[in-house]
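The values are calculated or read from the model by the stated rules, or taken from the named source; none is laboratory data. No experiment lies behind these values; they were computed from the predicted model shown. Neighbour counts are summed over all protein chains in view; Cβ atoms, including those assigned to glycine, are modelled from backbone coordinates with ideal geometry. These accessible areas exclude ligands, DNA and RNA; they are computed on the full protein's heavy atoms, side chains included. Shrake-Rupley method; radii C 1.70, N 1.55, O 1.52, S 1.80 Å.
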Amino acid sequence: MNQKKPILIAGPCSVESREQLHDVVRSLAAMPEVTMIRCGVWKPRTRPGGFEGLGEQALEWMSHEQALPFCCEVILPDHVEAALRHGISTVWIGARTTANPFMVQEITEALRGTTVQVLVKNAPSPDVKLWIGAIERFRKAGIADVAAVHRGFDVFRNAGYRNNPIWEIPIELRRSMPDIPILCDPSHIAGRREPLLNLSQTALDLGFDGLMIEVHPQPDNALTDALQQLSPTAFRQMVDRLVVRQTDSRIADQELRLLREQIDHLDNQILQLLAARFEVAQQIAHIKARENLTVFQPKRWEAVLSQRLAAAHELGLSPDFVKHLYEAIHAESVRVQEEITNIIVNHE
């Protein structure tokens, strides 16, 4: 059995005063599960006029708190230099910075030759290559200790969250970079307190290596992100309710092996059926080309999708899943038919 203790980073969105910092440090240091304290020092706001952090003054206060190590966000090379002066051993790269490779490169150069740990948050857009690219820049600069932080994505439909989790993206990052630890920042995904437990549990169930959560002594009075921060008491209660899963089990291995063999067999059948479907699509393409018909037939597509969604409902399948599945199948069918049509046209 392998049951790894998750990394747990917690702390206020922003350092607002020395008293506030001391209070949260004292509360979190009493929790043996907490690995590190996160503190916002520079706060790039969407619009001017809001609280933008205390900068180096906050770093000075942090340097006098010895209970746990600290991490903070850096946006500019000057921030890196200030963080290093005050003994900060871990920095994180915010979502907006990750979205700009030029800014990432500037920070990379400022960190070159150091032993600082770097946490890289995903960019706001669901672009796994941009996320991977930022991580690669730090690794190529000789930064050995790099981890990823999943904080959700700003998309058209955020599913009731501040940022849609779109779990497929961090899963793809893990597939592409299996040696990179991945943490989840449920605070920025949720944007409010209520979903934090479920989001945190989902992340642990998916094999994330840890969590990064905002905790404030008086969250309702916080100067930034008040709605999504937990009080130390609420944080303690949430941590107590989290379940850390095993990564393997000898007892379950035999049962899982048999069921996975069934999955493999069914997947082969699905692939064979898809191959047969696209063979029919090719025959349809020949008829459309002969009769000078458009490849895309909107009424037919609407009817197909409506029928498949109805069938999905009868079979107890998720309509959203089936919709995405058939959109992908239809897109490939259109591509196949366009390819056949172009071949026919070019030979005439």
| Looking at this structure, is residue 152 over 15 Å from residue 120 (Cα atoms), of a type outside the set (Val, Ile, Thr) and either open to solvent by less than 70 Å² (accessible area, probe 1.4 Å) or under 11 Å from the mean Cα position of the chain (by Cα) (or both)? | no
| note | The condition from (1) exposed (fewer than 15 other Cβ atoms within 10 Å of the Cβ); (2) out of contact with any Ser or Thr (no Cβ under 6 Å at 6 or more places or on another chain) that residue 87 misses is numbered (2)
| task | Please verify whether region 75-90 includes one or more residues that are under 18 Å from residue 225 (Cβ atoms) and touching a Leu at 6+ places or on another chain (Cβ under 6 Å). | result | no
| field | Residue that is more than 24 Å from residue 227 (Cβ to Cβ), out of contact with any Phe, Trp or Tyr (no Cβ under 7 Å at 6 or more places or on another chain) and open to solvent by 60 Å² or more (accessible area, probe 1.4 Å), where the choices are 65, 60 | value | 60
| task | Name every residue in region 155-174 that is open to solvent by 50 Å² or more (accessible area, probe 1.4 Å) and over 24 Å from residue 5 (Cβ atoms), in order of residue number. | result | 156, 157, 159, 160, 161, 162, 168, 172
| task | Determine if region 94-103 includes at least one residue that is closer than 15 Å to residue 9 by Cβ, open to solvent by less than 50 Å² (accessible area, probe 1.4 Å), of a type in the set (Ser, Thr, Tyr) and modelled with pLDDT of 95 or more. | result | no
| Going through region 202-223 one residue at a time, which ones are over 23 Å from residue 179 (Cβ atoms), open to solvent by 70 Å² or more (accessible area, probe 1.4 Å) and among the acidic types (Asp, Glu)? | 220
| message | Looking at 28, 76, 8, can you tell me which residue is of a type in the set (A, V, I, L, M), farther than 27 Å from residue 205 by Cβ and modelled with pLDDT of 95 or more? | response | 76
| task | Could you tell me which numbered condition residue 288 fails, if it satisfies all but one of (1) touching a residue at least 24 places away in the same chain (Cβ under 8 Å); (2) within 30 Å of residue 166 (Cβ to Cβ); (3) charged (D, E, K, R)? | result | (2)
| said: Of everything in region 177-201, what is open to solvent by 50 Å² or more (accessible area, probe 1.4 Å) and either touching a helix residue (DSSP H, G or I) at 6+ places or on another chain (Cβ under 8 Å) or hydroxyl-bearing (Ser, Thr, Tyr) (or both)? Give them in sequence order. | reply: 192, 193
| query | With region 81-145 as the region, which helices (runs of 4 or more DSSP H) entirely inside it contain at least 3 residues that are without any contact (Cβ under 8 Å) to a residue 12 or more places away in the chain? | reply | 128-140
